[in-house]
Amino acid sequence: MADTTSITAGALPDAVQESSGAWGFSRAQLVALAILLVFLGVAPFVLYPVFLMKLYCFALFACAFNLLIGYVGLLSFGHAAYFGMGGYLAGYAAKAWGISPEISILIGGATAGLLGVVAGWIAIRRQGIYFAMITLALAQMVYFFCVQAPFTGGEDGIQAIPRGNLFGVVPLDRDMAMYWVVAAVFLAGFLLVHRIIHSPYGQVLKAIRENEPRATSLGYRTDDYKLLAFILSATLAGVAGATKSIVFGIATLTDVHWSMSGEVVLMTLVGGLGTVFGPVVGAAVIVTMQNYLAEMGAWVTVIQGVIFVTCVLAFRRGLIGELAALLKVKL
Amino acid sequence: MDDIFGIPAPLLFGQLLLGLINGAFYAMLSLGLAVIFGLLNIVNMAHGAQFMMGAFAAWMLLAWGGIGYWWALLLAPIIVGITGVILEKLFISRLYKLDHLYGLLLTFGLALIIEGVFRNEFGSSGLPYRIPPELSGAWDLGFMFMPVYRGWVVVAALILCLTTWLVIEKTRLGAYLRAATENAALVQAFGVNVPRMVTLTYGAGVALAAVGGVLAAPIYSVNPQMGSNLIIVVFAVVVIGGMGSILGSILTGFALGIVEGLTKVFWPEASATVIFVIMAIVLLARPAGLFGRA
């Protein structure tokens, strides 16, 4: 079956048609960005800041994941490894070494990036479903490592991670102070992903997604491009995980487990694969759902499964993808 | 006699046997995955959940219907196979024209649903399933005691795998199957009902997973998570073997089980990860897998 449609076809119009306004944002995207900025500014006064911080961490995680699936067409089923490892290392740095939070988050991101170098180097040798299975298997290896390694605290995880002082001066113990840091990290990550996609490098990534043999024949070393995308995605996922462990003061095995990899796939799928704002909206939907349904136990898993099936069968463009198609714009 | 490489012989052979049993499950599950992938071009992420359903079907037949092990060995795969046929008809058949990744996502969703429902119904702790009286006890082989049931599992898995291989390689049905894997449109033009064959193939692959579940029920406790951890290892096994060859996936499954068992003896900490490490090495040396076609 060579004539199968690409996984993100339909979610994105041709790369050529992209109008590049300010910063590569189209007009519709600028409106959406404005809404997002207003939300970031107003939300903590209306909604519970800790909930919002959780949401932003997962939104950044989903954006990082979307960079691979949406723009290179590579489905990683092991992104929990980078998310979780970022969280562990940031937590360990902040607690055991007493390092300030911003450096801890960078350490978490760098660790995940290094892990991404190794895992990506192995995984990009295969495409499609094999790539998914390989990333899943490698992530399971990381999971078992975390179960056994002494610094992760095994089943207990790393607990009581201090939030510390930003740049060594601003205390983050108050939720509102922490909120602005998390919002800034999320926004920086979001804009970075957008910038990557709209750079010449990002255009080559899209070319690889659409037709890899052709990109190769044009002289692009596609493996190098894919590996760099994998490393960038892993690093950002690590930053998201690191921020989450600083916010909540805890890093556990849950964040490296394969079900977390499944969750980030679900968030991106619900929001819309290959859309700029989809992962953010998808993360908001799933995190909100988990918050309200937390006491329902295993039914949450069932509901997530149902959403998966529904999205794949009837709703492949996701919420933002459908909205964009309805308004005939690109979001 | 008592020590081999400084390891007590009973320990070494005991772990070898455990490895062989795990290998039997790897072989059965990767075989089912390979058969399904060959014709449907989807990775069946629900395979672990269906393995678990097989074990639960055996448990339910005994607890609710008083139907014993031997009948369960026949009935459970049929029941689970029928649910597979229904899933294929209702959901999976709608995805054949799309990117293969959608099939993976869909079956992952199905796996979540199945596991969630079973966890709600039966909780996370395991349910016991007794070894049938004909197969309880142990043989004294001189160098170790061999529980009869464990020997039976290895033999049964071998018979099942070889039978599947014979059916695919040596019968007319298998020839149709192989032909449809190569070129479904052409086989359909010759008057073979390919969509029905695809449905039945999925059912058969799922039934194979369910047989594994029934065989596993008396060894492992029957619980909703029993399949999900196993299936990730099986994916690594499939990557190592390459999905191109049926015999290859059987061999790889058994061999990796034994390697895992030996690792448990010589370096216990690494036993959980050794298969993934082997996968990484194989990918670096031979990206298509040991038996795969590039």
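Laid out as a table, the results:
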item	result
Candidate lysines - alpha carbon under 23 Å from A:Lys54, same-chain residues fewer than 8 apart omitted	A:Lys95, A:Lys244
Ordering of A:28-39, B:16-27, A:93-104, B:136-147 by burial proxy (mean other Cβ atoms within 10 Å per residue, highest first)	B:16-27, A:93-104, A:28-39, B:136-147
With Cα atoms, 0 to 90° folded angle of helix B:226-241 axis to chain B main axis	80
For chain A, built as a Gaussian network whose Cα springs stay under 10 Å, the top-fluctuating residue of A:Pro171, A:Pro162, A:Pro279	A:Pro171
Which of B:Phe291, A:Phe51 has the fewest Cβ neighbours within 10 Å, and the rest in rising order	A:Phe51, B:Phe291
Cα long-axis angle, helix B:69-90 against chain B (0 to 90 degrees, to the nearest 10)	30
Angle in degrees between helix B:148-170 and the longest Cα principal axis of chain B, rounded to the nearest 10	30
For residues of A:309-316, the mean tally of beta carbons on other chains within 10 Å	5
Cβ-based exposure ranking for A:Cys63, A:Cys57, in which fewest neighbours within 10 Å come first	A:Cys57, A:Cys63
Mean Kyte hydropathy of 0.5 or more with a Cα span along the axis of at least 24 Å, helices from DSSP in chain A	A:27-46, A:49-71, A:101-123, A:128-148, A:175-197, A:222-248
Percent of Cα pairs exceeding the 38 Å cut-off, where the set is the protein assembly as shown	34
Cβ neighbours within 10 Å from other chains - mean over A:291-297	1
Taking the C-alpha atoms of the range A:76-156, convex hull volume expressed per residue in Å³	79
Number of partner chain Cβ atoms within 10 Å, mean per residue of B:264-273	2
Ranked packing of B:180-187, A:289-296, most packed first, by mean Cβ within 10 Å	B:180-187, A:289-296
Three-way shape call for the range A:25-118 based on the alpha-carbon gyration tensor, with the a/c threshold at 1.5	oblate
Proxy reagent accessibility, fewest Cβ within 10 Å first, across A:Arg214, A:Arg316, B:Arg286	A:Arg214, B:Arg286, A:Arg316
Rounded if a/c under 1.5, otherwise prolate or oblate - the range A:19-327, Cα gyration tensor axes	rounded
Neighbour net charge for A:Ile134 - beta-carbon separation under 11 angstrom, K R +1, D E -1	+2
Spatial separation of Cα centroids for the range B:145-215 and the range A:177-232, in angstrom	42
Reachable lysines from A:Lys206, criterion Cα separation under 26 angstrom, eight or more residues apart if same chain	A:Lys226, A:Lys328, A:Lys330, B:Lys97
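We did not get these values from a lab; they are worked out from the coordinates using the rules stated. Keep in mind that what you see is a predicted model, and the values were worked out from it rather than measured. Note that we place each Cβ from the backbone using ideal geometry, even for glycine, and neighbour counts take in every protein chain shown.
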